[in-house]
Each structure stands twice: as structure tokens, then as C-alpha cells.
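The values are calculated or read from the model by the stated rules, or taken from the named source; none is laboratory data. Note that the structure is predicted; figures quoted are calculated from it, not measured. Backbone-built Cβ (ideal geometry, glycine too); neighbour counts: all protein chains shown.
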Amino acid sequence: MTSAPAPASVPASAAAPAPAVRLTGIGKAFGPAYAVKDVTLDIRQNEFFSILGPSGCGKTTLMRMITGFETPSEGTVELGGVHATGVPPHKRDLNMLFQSYALFPHLSVYDNVAFELKVRKHPRSAIPGAVRDALALVRLDGYGDRAVAGLSGGQKQRVAIARALIGRPSLLLLDEPLGALDQKLRAEMQLELKKLQREVGVTFVTVTHDQEEALTMSDRIAVMDGGRVLQVDTPEAIYERPATRFVADFIGTSTFLTGRLGTDGLAVAGLGTVPVPGHALPDGAQAHLAVRPENVTVARTADTLPPGGVALPATLQQTVYLGNATRYHLTLADGSELLAEAGGAGRAELPVGEQVWAGWDPERSRVLAE
Amino acid sequence: MKSALDTVTAWLARGVIAFLYVPIVVVVVLSFNDSDITYKWAGFTTRWYGELARDTELLDALRVSAEVALLSATLATGCGLLAAMGMARLRPRWRAVFSGGLFLPLVIPEIVLGVALLSVFGSLHAGLGLTTLVLGHLVVTLPYAALIILGAHGALDPALEEAATDLGCNTWQAFRRVTLPLLRQALLAAWLLCFTISFGNIVMSTFTNGVGTTTLPLRVYSLLKVGLTPEINALGTLLVLFTFLIILGVGLRQMRRVLLGGDRTPQ
């Protein structure tokens, strides 16, 4: 791949490697509405990074500003420490895996994969070997002569990956990479993409609305909503220590108790004071307590709950069998809903419509600002 | 089980096909008819082809028609391609306005367009000739070319062009390596259709031709007044043969594409 002939500024720090992508105060307005607003973000070298959010959250626009298909209305893009705002896509050292794969239908698999090397005028003799290696990388050896139209969805994606990686970009952007695949193939490809990323040592940035995809593949995740990045963290931290109510709700499942913080816990109207874990909010602040269903235990009586935790009386409204777990829909004394989930030995036959007890370890709940 | 309706529709289909092709067969047969009266068979001859070869007026008209059709079809296809590419970059609202304007000539009677164009040329003091003829035919053919090319261009995944850019193409390279090859079929179809429309056009030609640029249809039409000779049939047969060869050529390329699964563009 040719390096960008853009005016190269010296990387900010010679000691630490420059981030693969650095977005500073970036925003994109379409008319009066902002699709992306004030995003500042570093993506490290050789990282598998996911931008996760519901549809319309601005994640695609953010990615298109990294590729250069969109020009930011404000802020700057740096790629590998080099200023890249306004540099056209074909002069950026990155490639993109399109959601529709965007394979060229008039070219064979071989010519699709060889496309970038031919355009960038690589020595003709080096191309066949490079194509063979790229196809071997995605386990499509011998597919070179095939027509693109005859390939299955999974094969098309592999060709697209080979085509995107053949020029050894420093950065690969993947737009909803698994969206078009069926469930089983998707699980397979999640692991494979991760493996591939480690093998080739290229920074991968994927854009997805699928939290499971993001959690399984990524080193770090940026959660977006309403054009803003709400939290950037490891999958574990995002799940265990969500920063906002939206993140707690969007990633996995949470139920929320809402009240006012006091010295001994969260005072919830109609429910009393619920013990809370350590937090940084001031006393008297309105706050939510987020509880994950898998951390809630349901029992017939209060004394059969694990000791030392929260114990609240609840009415069991419904049990839903999920296969690997059973989910209990509960109503607390204040009328709010609480979800509990038990799997394996933790499952209990409980009477629907009757009073039960729900409890959890306060350390496994999380206080979030209003 | 074949129902009565199936039988009726099957015969209807045969009838329609016959209606479409009988005239062509008749022209070919009569071009070899050794008689001055076109519709009465009087033995085999090739003398009409000889007379055709000596009829400089008719051959001149053929040359004019071929030139005009070639130029106007090429212009219409080129403009159609540019229109399609330009419109893909417009906002949807403007796209609707623009395409409406582009297709409007389709629903305006050609005679109105002809009269209007004649007035325009007159007010510009433009002498009627090859240029006005080609421009007149462009007005007639452009909407058809645009219709075909816009449809094909609209069906292309916009990500294809982006993918080409992403893989190192500048705008021109992306067009040449991806967009153009993918539109080749549509461009060919548009060009052939425009050529045919222009070649057979009589209304627009009536208004826009000048001295020395009488097209073939105009010439044939004027011959009606003095009496048609069977050499017209010979000309018709040659044109049918020519068309047939073109279709065969295009068809063979199509077939090769299907059999080989996409053609390699030479680098």
C-alpha cells in the first residue's frame, strides 16, 4: 500500500506509538441536525475496537469520517499520528469491509482480490502470489477463477476480507460485518475475525448494533447513542461497570430502581432504603440502581436468600423458560419491575402470582447518575 | 390438462409472432422477385440488388441516415451516462425534478418538438443540415437512453464505487474500472435502441433536415409518390441482415459471458 502523500506532521510522541486513529472533537452535521457530536476517541494500534450503538446513533457516520467518505463538520481525524482530515479515501492507509461486501460483480474472485494491487501499480509478478496468500488467509484456496455471483454469503465475505487485507492496510474498518450472515455462521465468524485480526496484526474497527458481537470480539468498545460516545472500555468493564443508564440498559439487561441517595443507601419511594455499592455521587442526588437479572436470586422465603445482601419482597408475575436459564418477572412493593435469572442448579419451581423474595449482593449492583 | 383458454392463448401468441415477423419474411422474399409489381411473384432474380448498388440517391440517403444515427445515438448514450452519474449525486428532491425534465419529451408529441425545434433553429439563423438533424434526433433519443442508463445506474450498489475508492482508485479510475464495465450492457442497449429510433425517424427529420441531408426514411417516403420499386425490398433485406448480424454479435458476447462467468478485463 502506498503511504499517504499528505503533509505528514511529526507524531506527537516518539516514545509511545501513535494511536491508529485519533478523533478530536469530531462532529458531523447534516443540515441543522448532528449525526455525530463532539466525539474524542483514541483507537490503539493492533486493537480490535468496536463502535456499538442502536441504529441511527451515528456510528456509521463516525466510521465514514474515519474512511474519508464523509468530511467532518468540526474536529480532526489523525491516522497513525498523521493529520488526515480532508484526505480523500484512496490516499488513506486503511480499507473497509462493506456491509454489502461490495464485491465487483464483473470481476472474478482473483481479480477482486488483486484489485488494489493492480490499481496501486504493484509489480505485476508479485500479484499472483499475494492473491494466493490472501485467499489462503481466508481459507478460500483455489477459488480464484470463480465468479463472484456463484459464492455463498460466507464466501463472499471471505473474499471481501481478502480483498481488503491484501494491501496490508494499518487499519481495517468493518461495517456490520456479520449482519448478513445466519446465526450459526455468525458465531463462527466472530471467532474467526478475532483470530484473523491477531494473525495479521492490523487494527480492526467494527461498527455494530449487536452487543454480543461487540462483547465477544473486541478488545475495547465505544458505546454510542444520539451521536455521542457514552463510554469507551473493555467488554468486561462495559458490562460490569456501565457508566450511564443507557449503557446499562443497552448492553445486556438491567432493571433499575430509582430514588434519592442517602448515607445508608438509595431511598426508593414505597420500597424503603436499598443498600448500594460504593459510588462517587453526592448524598441527596437522584440516582438509578442498576441490577443485572443474573445477579438477582429469587427464593420462597427471606432466610433462604444468600445472607448479607439486599432482600426485598416481590410478587412473581411470570416465569419464562429460556433454555439455558429461567427468567423471573417480579413486581416490587413500589410497583416497579425487577428481573431475575437463574440457570442450572439455581433454578427453582416458584409459584406464579404469589409473594417471593428477591435479593442480591449490593456489590453486584451499580449506582448511576440520573 | 390443457384448458380451452390455454389453447386460445397459445394460438394468440403464435398469431402475434407471425404478425411481427411475416412482413420481414415478405420483404426478404420479394427482394428476389423478378417483377416490377412488388406483390406478385414472377421468378427469382438478384437484379434489384444491382439496381440498388447503382441508385446513388438512395445510397446517399442511407449514408446520411447512418451518420445521423451513429452521431445521435453516441451523443444520446454519452449524455444519458453523464445524466445518470450526475443525478446519483443530487439530493432526492432535485433528482425527481431533473428526471421529470429529462423524460418529459417522451410524452410530448414528436411533431410538436419538431415544430418547436424548427422555430428555435430559425431564430438562431442556423442553417438546416447534418448538425440540426443530429440535434433533432438527440431530442428524440435522449429520453430513451436516459431511461435505460438511469435504471441500470440506479441498480448499482453505491458501495461499489466507494469500495473502488477505498481500494486506491481516484474518481476517474473508479469510473473506468468499476462503474463503466458494470454499465456496459446498458450502454450498449441504449446505443442500439437510439440508433434504431434515429435510423427510422421520419417526423423529426422532416423538420430538421436540410438540402443534401435527406435521410433514408424521408427518401423512401418521397419515392411513394413516384412509385416504389422492388429495390426498396433489397435495401430492406440488407438492413434486416445487418441488424441480425449485430444481434448475433451481441448475443454471442452475452453467451460467452454467461459460460465463462464474467469476462476478464485486460489490464
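Of note:
- Of all the listed residues (B:A96, B:A163, B:A145, B:A84), the sole one being within 14 Å of another protein chain (Cβ to nearest Cβ) and either in contact (Cβ under 8 Å) with a residue 12 or more places away in the chain or part of a helix (DSSP H, G or I) (or both) is B:A163.
- The listed residue being modelled with pLDDT under 95, farther than 30 Å from B:T214 by Cα, loosely packed, with under 12 Cβ neighbours inside 10 Å and of a type in the set (K, R), out of B:R95, B:R89: B:R89
- Filter result (without any contact (Cβ under 8 Å) to a residue 24 or more places away in the chain and touching a helix residue (DSSP H, G or I) at 6+ places or on another chain (Cβ under 7 Å)) within the range B:166-184: B:D166, B:L167, B:G168, B:C169, B:N170, B:Q173, B:A174, B:V178
- For the range B:182-205, the criterion of a residue being part of a helix (DSSP H, G or I), of a type in the set (D, E, K, R) and within 14 Å of chain A (Cβ to nearest Cβ) is satisfied by at least one position.
- Yes/no for B:E67 being at pLDDT below 90, more than 18 Å from B:G151 (Cβ to Cβ) and assigned to a helix (DSSP H, G or I): no
- Highlighted here are the strands (runs of 3 or more DSSP E) found entirely within the range A:311-366 that include at least 3 residues which are in contact with a helix residue (DSSP H, G or I) (Cβ under 7 Å, 6 or more places away or on another chain): A:337-342.
- Breaking point among (1) hydroxyl-bearing (S, T, Y); (2) in contact with a Pro (Cβ under 6 Å, 6 or more places away or on another chain); (3) crowded, with 23+ Cβ neighbours inside 10 Å, for A:S50: (2)
- On the stretch given as the range A:148-181, residues that are without any contact (Cβ under 8 Å) to a residue 40 or more places away in the chain and within 12 Å of chain B (Cβ to nearest Cβ) total 1.
- Listed by position, the helices (runs of 4 or more DSSP H) contained in the range A:157-245 that have at least 2 residues being in the same structural domain as A:V109 (by TED's automatic domain parsing) and within 25 Å of A:V109 (Cβ to Cβ) are A:183-200.
- Evaluated against (1) in contact with a helix residue (DSSP H, G or I) (Cβ under 8 Å, 6 or more places away or on another chain); (2) part of a helix (DSSP H, G or I); (3) not hydrophobic (A, V, I, L, M, F, W, C), B:Y39 falls short on exactly one condition, (2).
- Here B:R63 passes the criteria (1) buried (at least 16 other Cβ atoms within 10 Å of the Cβ); (2) closer than 28 Å to B:L238 by Cα except the one numbered (1).
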